[in-house]
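First comes the structure, then the notes that go with it.
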Number of protein chains: 4
Amino acid sequence: MGLIGGGPGSFIGAVHRLAAEMDREIELVAGAFSTDPARSHEAGVGYRIDPARAYASWTEMITQERLRSDGVDFVVIATPNHLHLPAAIDALDAGLAVMSDKPMTATLSEARTLAAKAASAARPYRLSYTYSGYPLVREARRQVAEGRLGPVRKVVVEYSQGWLARPIEAEGVKQAGWRTEPAQAGAGCIGDIGVHAFHLAEFTAGRRVTRFCADLNTLVPGRKVDDDCNVLLRFDNGATGALIASQIAVGERNRLHLRIYGERAALEWRQEQPNTLAIRDLDGTETILHAGTALGSEAIAATRLPAGHPEGFLEAFANLYRDFARLLAGEDNGLLADASEGLRGMAFIDAAQVADGAWTDLEISA
Amino acid sequence: MGLIGGGPGSFIGAVHRLAAEMDREIELVAGAFSTDPARSHEAGVGYRIDPARAYASWTEMITQERLRSDGVDFVVIATPNHLHLPAAIDALDAGLAVMSDKPMTATLSEARTLAAKAASAARPYRLSYTYSGYPLVREARRQVAEGRLGPVRKVVVEYSQGWLARPIEAEGVKQAGWRTEPAQAGAGCIGDIGVHAFHLAEFTAGRRVTRFCADLNTLVPGRKVDDDCNVLLRFDNGATGALIASQIAVGERNRLHLRIYGERAALEWRQEQPNTLAIRDLDGTETILHAGTALGSEAIAATRLPAGHPEGFLEAFANLYRDFARLLAGEDNGLLADASEGLRGMAFIDAAQVADGAWTDLEISA
Amino acid sequence: MGLIGGGPGSFIGAVHRLAAEMDREIELVAGAFSTDPARSHEAGVGYRIDPARAYASWTEMITQERLRSDGVDFVVIATPNHLHLPAAIDALDAGLAVMSDKPMTATLSEARTLAAKAASAARPYRLSYTYSGYPLVREARRQVAEGRLGPVRKVVVEYSQGWLARPIEAEGVKQAGWRTEPAQAGAGCIGDIGVHAFHLAEFTAGRRVTRFCADLNTLVPGRKVDDDCNVLLRFDNGATGALIASQIAVGERNRLHLRIYGERAALEWRQEQPNTLAIRDLDGTETILHAGTALGSEAIAATRLPAGHPEGFLEAFANLYRDFARLLAGEDNGLLADASEGLRGMAFIDAAQVADGAWTDLEISA
Amino acid sequence: MGLIGGGPGSFIGAVHRLAAEMDREIELVAGAFSTDPARSHEAGVGYRIDPARAYASWTEMITQERLRSDGVDFVVIATPNHLHLPAAIDALDAGLAVMSDKPMTATLSEARTLAAKAASAARPYRLSYTYSGYPLVREARRQVAEGRLGPVRKVVVEYSQGWLARPIEAEGVKQAGWRTEPAQAGAGCIGDIGVHAFHLAEFTAGRRVTRFCADLNTLVPGRKVDDDCNVLLRFDNGATGALIASQIAVGERNRLHLRIYGERAALEWRQEQPNTLAIRDLDGTETILHAGTALGSEAIAATRLPAGHPEGFLEAFANLYRDFARLLAGEDNGLLADASEGLRGMAFIDAAQVADGAWTDLEISA
């Protein structure tokens, strides 16, 4: 694979590499790690790839790799959001498969363009919604799909972080910089993590959000994008829900929680303790499912270790890559998000940014 | 004290008695436990009070008790909501203090009437918002008030139960019956437990909700009141928030959770594990405060046992009665909700019932 | 009831009173709260009993109360351990029932004397092993007794506290004073809390300890009794086990944990989160039982509130008093520890104090 | 690296490979995966190495690899225990470094032989005590070493599993087969997991066990080795302790828990939730340290992801390999267990097998 982005200072670049290579079905061999040639080269040294394959731009990488008999099979796009579209278009046009970070693009109109391109492309385009790679998330999806919960009535999903509680973008923190810059990110909290929660809810509940009422806020003075979101949800079967996301939730690391309430049972999953899934029945019985014990085949396939040997974020991410490698080999398990899923996420982000709740004043007069 | 309501089959009547008598400052000596004289008498036997003081109506109780030199000092109102107003009016008119279940009344207009009466009454009127009696809730309030968190930015409060996930009101379950009957309850989930969450949020955050956007739903077919609520909140200082409440959340017992995020730190409290309070700082440090260890004076005063000896719901409730007994003795710690707090809750319930989120359709077209 | 002990500064006296009176079947009406008449009187005022019934000694109380038509039915012994024997003997001789704090006495020979007396007494003698009053402990006992776990193979029980991690007995802390004074306490950690763990293990596992290997230590310099114990256990059916107890376990409040492993399933209970019980099966399934949901009748009878409304230490203690009140009324549920149980505990304490593990030196020489 | 063992059906072989290659500093290029040439070849295909480098024996591998300019730098020994000695000797004799599974050997006398060899070998010999690779375990070690807890007073360590609760070795389960066969394993539970607990205790507490009193049992009828152990510990500074290990603890997956109590503070770590470490102070304050937040340099170096992105067993194991790669490059952080640590573990296993607690009968006679 060839990596676009992931230069010095990037968090997600190294993660993509570790995850992709974990099962030894994929190898990072080339990259356009930075728009600055020197930094791209420096990153290539860090990744220990052939220096000649650390390119100054993705267009150079695509061009050069096509000339090689051992050129890359696909590209991974790990850039700021505004580059997702051009990089993906170029790669797809060159006949390369694409694994892209979410959100799909910086804007909804870009997403429409890309979805159209992906629909006609010869090779697959997929998005790395990492959390859908966790074994117990896949088990949750199965439990719902097989009717264990009965019809879904309510979904509560939350993704709260605290790392942007202070205006660190003004202090030179690179990760914070582009993520709070509208021209690069497109949106703030709703696009960076809200869309993860949105995807997780739909992925597991097996239902589509049809209406919502969003409240996006910017709580850190001077910030140019939203950093806190609360959204009321309504699903296609009438189920209700709430989506809470925040990057100013002081003290939270990566609190992604999911609950789905059905007519007969409910489930709860927490990303920071990802190896258990609670199922609760009408009669008050609570059952804890553990990774590595008797689960459905999708969850088992996503687990590498015996029960009690914790797996985490990298292993979940590696599951996406394993799915992707098999997809390229012609075997599609249907769990990876494609362009239509990406487009849904962008439509949600876009509409949430313009929506504003119909606020009722709370007036009290005796 | 004299108890109005709390007849056979009542849950909250026995709880009021246990809580009120726990510290031996209050004794249940009279009651109008049911509108059915025989059932009221039966309940009196169960409570082991003087049979002559188990009355057929609260008016009889008030009249008869005033004739006794050892008559009741105050009444507790533990009836369905529609009786809160007349019972409170009669007691206050008779010069008796009142401790009433929440919500204040069945309707906002009743609440206005009662607030006006309470304002001019000789004796105190208070509401039993039980959860404000927990030591760690009081500690949370203090931590916020003393600035430990910095200015409040976001409040997330949830109160989810699953006991009404099925239409048990149609199966003769008495508790479910009146709580889902608009004429007796006034509202459904929002009035029964949503208002608890609302009060808890304001009580601890020390801020007032000024605007909200509510989504009330009835998910059990045939039910006459709401049984699920999701509400976006906005506070007087600009803080955001979400309030989630449900009675159809299968598998939940009494999941009342509170989180308050400030600029510098955040706190989290969970009712089902009430003896701890988590404080999380900007730098990632998490501190767990335990009941019985070094806390503020209000929390210590609300604790009866050494650390590690769990206290629960009854002890929290008993704290309200201890506060009330001291209030009657002239000592007011300001922690009990008065009529103005009750009115706020009713205004919230009332407005939430008519509000409807400004829904945005999620339309995706490439 | 009449209370012996429980004077000013006592923790357990107030707890006995709150617990005994919770269900209104018992009332504290008399007491010999201190060996100092003035302090006994002062305590009586605090308890709000008739001042004439706050006696200067238990012998006076027993004598005077027998002269009253409304004299006490039973006495509660909440003194330091060395007074358990004489107080119990006097009460039983006077035809009064006895509820005594554990351990039974200060020494094994005293326990033998008391067991003989109890065997011939007209009224019941019982011990307040508080933790056996928790609903989920009773449920654990039932699950084992009904064979849910299969034959018991291993029991791990721990009771760790940290309050004696410093030599606070030398700083005038009264509770620490008598508990670390051999003449009053008889033993240290093993007698104060080790015996609770011992009783809990036998109570729930339904098996008897037949052999053990004890290691008692004094880790705080200058302390006159043991403050840390680790014990290997062997049960009558060949099951193995370990009992860990400590009062110098810094940071622990009241960590009483129990695990029982059977051939087919295991269970785990934790006193500081007393309202849940985990059951784990051979196939990896974990089930969480919650107080107030579908449990056995003993657990239900021991629960006052609906699921999700936490009950704690006082309610557990109150269950013992409810059992005791019913025992006095002729109804014995067999759950209260009698003199033979008390004697077992004393035999364990006594033998542990003289035992010393057969230590193997760990010598490494290449 | 070249892998000895890890053939088809092996759990630990694949884990070694994933862990070793995670940071791309090490690559599996050769192996003697099975004593059966066909199976070794089959495993080589599974690992996707050059088929010519899947050898029929480790002697062949060592011989052939030495002839290659790109031959392996070190071998990993992941065989049953009885092969640890000869494989390590052959590798060290051939000038190859060795990373070996624990325990060091099958018997203490073998360990002495190997320790002598390692002492004189040109290249390093190290053991993969996996749990010492967890970031929070390293942080625990640092906290103790830097005096945060004060002098250590008590250590409680437990490693309980349930996978051998039934006699699955008689049902053809390969992992169970050799681990319960004395000729291959040397010991049972004490050698398989007890020694992990022993090492973890010494590694973090920074103290040496000097005496112990062990109780080893075989609870599954017909099993040839111990499957349950309880051990009283005494450390070189007088600290007390207990070590509990079991493979018949039904329902436990991989419950490795550690607690260290000092004079001023205590810490607790749990392997199944490895990314947090609790520190508890004398005054009751509990602080939770999270991976990825402000920790010591060793813990930070052992973490790959931002806080809240869980890392697990593979990442911990990979840390050992990273340490080893740096050791081979001349940089020794001192955290990897060497032959003298391995010998300590074997001395413990050996002595525990012959020791037997000095049992006291619990006799009760009135």
Quiz prompt | With every protein chain in place, region C:30-179: carbon and sulfur % of accessible area (1.4 Å) | solution = 52 percent
Self-check item: Residue pairs, from the table A:Lys102/A:Lys224; D:Lys117/D:Lys154; A:Lys154/B:Lys154; C:Lys154/D:Lys102; C:Lys224/D:Lys102, whose Cα atoms sit over 32 Å apart
Solution: D:Lys117/D:Lys154; C:Lys224/D:Lys102
Quiz item: Which of rounded, prolate, oblate describes region C:253-366, given a ≥ b ≥ c as roots of the alpha-carbon gyration tensor eigenvalues and a/c under 1.5 marking rounded, otherwise prolate only if a/b is larger than b/c?
Solution: oblate
Quiz item: Considering only protein heavy atoms and a 1.4 Å probe, what is the carbon-and-sulfur percentage of the accessible area of region A:203-253?
Solution: 43 percent
Self-check item: D (Stokes-Einstein, µm²/s), Kirkwood Cα radius, region C:1-103, 1.567 mPa s at 4 °C
Solution: 99 µm²/s
Quiz item: What ranking do A:181-190, B:146-155 get when scored by the average of other Cβ atoms within 10 Å per residue, highest first?
Solution: A:181-190, B:146-155
Quiz prompt | Low-density loop cleavage sites - trypsin sites (Lys or Arg not before Pro) in region B:163-250, where at most 16 other Cβ are within 10 Å (DSSP) | solution = B:Arg208, B:Lys224
Quiz prompt | Spatial separation of Cα centroids for region B:59-110 and region A:293-335, in angstrom | solution = 63 Å
Quiz prompt | 7 Å along Cα→Cβ, label-point gaps from B:Gly9 to other copies, nm, shortest first | solution = 5.4, 6.5, 7.0
Practice problem: Using only Cα positions of region A:34-81, each an equal point scatterer, no hydration layer, compute I(q)/I(0) via Debye at q = 0.27 Å⁻¹ and quote the log10 values to two decimals. | Solution: -1.17
Quiz item: For D:Ala119, which inter-copy label distances result when the label point lies 7 Å beyond Cα on the Cα-to-Cβ vector, reported in nm to one decimal and in ascending order?
Solution: 6.3, 7.6, 9.2
Practice problem: Ignore the peptide's own chain and count Cβ atoms of other chains within 10 Å of each Cβ in D:157-169; give me the average, rounded. | Solution: 3
Practice problem: Let me have the 222 nm mean residue ellipticity of chain C computed from DSSP H runs of 4+ only, each contributing -39500 (n - 2.57), with the sum over all residues rounded to the nearest 500. | Solution: -10000 deg cm²/dmol
Exercise. First obtain the Kirkwood hydrodynamic radius of region A:84-210 from its Cα pairs, then insert it into the Stokes-Einstein equation at 4 °C and 1.567 mPa s, and state the resulting D in µm² per second as a whole number.
Key: 78 µm²/s
Self-check item: All Cα pairs of region A:165-284, percent lying beyond 25 Å
Solution: 32 percent
Quiz item: Using every alpha carbon pair in the protein assembly as shown, what percent of pairs falls into each 10 Å bin from 0 up to the bin containing the largest distance?
Solution: 1, 8, 15, 19, 19, 17, 11, 6, 3, 1, 0, 0
Quiz item: Hey, what angle do you get for helix B:84-93 against the long axis of chain B, alpha-carbon based, 0 to 90 degrees rounded to 10?
Solution: 60 degrees
Quiz item: What is the interface area between chains B and A, defined as buried accessible area summed over both chains with a 1.4 Å probe, reported in Å² to the nearest 100?
Solution: 5500 Å²
Quiz item: So what does the Cα-only Debye profile of region A:65-144 read at q = 0.16, 0.20, 0.21, 0.24 Å⁻¹, as log10 I(q)/I(0), no solvent term?
Solution: -0.65, -0.87, -0.92, -1.05
Self-check item: Accessible surface, per residue, of the protein assembly as shown when the full set of protein chains is kept, probe 1.4 Å, Å²
Solution: 31 Å²
Quiz item: Considering the rotational relationship between chains C and A, which residue of chain C contributes the beta-carbon of minimal distance to the axis, and what is that distance to the nearest Å?
Solution: C:Thr287, 3
Practice problem: Can you check what the Kirkwood hydrodynamic radius comes to for region B:125-166, Cα pairs only, in Å to one decimal? | Solution: 13.0 Å
Practice problem: Enter the angle in degrees (range 0 to 90, nearest 10) between the Cα long axis of helix D:339-354 and the first principal axis of the Cα atoms of chain D, meaning the one along which they spread out most. | Solution: 60 degrees
Quiz prompt | region B:18-73: chymotrypsin sites (Phe, Trp or Tyr not before Pro) in DSSP coil with no more than 16 other Cβ atoms inside 10 Å | solution = none
Quiz item: Cβ under 15 Å from D:Glu286's Cβ, D:Glu286 left aside: what net charge do those residues give with Lys, Arg +1 and Asp, Glu -1?
Solution: -1
Exercise. Note the per residue figure in Å³ for the convex hull of the C-alpha positions in chain C.
Key: 156 Å³
Exercise. Enter the angle in degrees (range 0 to 90, nearest 10) between the Cα long axis of helix A:195-205 and the first principal axis of the Cα atoms of chain A, meaning the one along which they spread out most.
Key: 60 degrees
Quiz item: Taking a label point 7 Å from Cα toward Cβ, how far is A:Gly172 from its twins in the other copies, in nm, shortest first?
Solution: 5.7, 6.6, 7.7
Quiz item: Magnitude of the Cβ-charge dipole of region C:28-110, K/R +1 and D/E -1, about the Cα centre, nearest 20 debye?
Solution: 140 debye
Quiz item: Given a Förster distance of 41 angstrom, what is the FRET efficiency for C:Ala52 paired with C:Glu171, based on the Cβ-Cβ distance and rounded to 0.05?
Solution: 0.65
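The values are calculated or read from the model by the stated rules, or taken from the named source; none is laboratory data. Given the structure is predicted, the values throughout are model-derived calculations rather than measurements. All Cβ positions, glycine included, derive from the backbone under ideal geometry; neighbour counts span all protein chains shown. The protein model used for the area step is the full one, side chains on, heavy atoms only, and it has no ligands, DNA or RNA in it. Shrake-Rupley method; radii C 1.70, N 1.55, O 1.52, S 1.80 Å.
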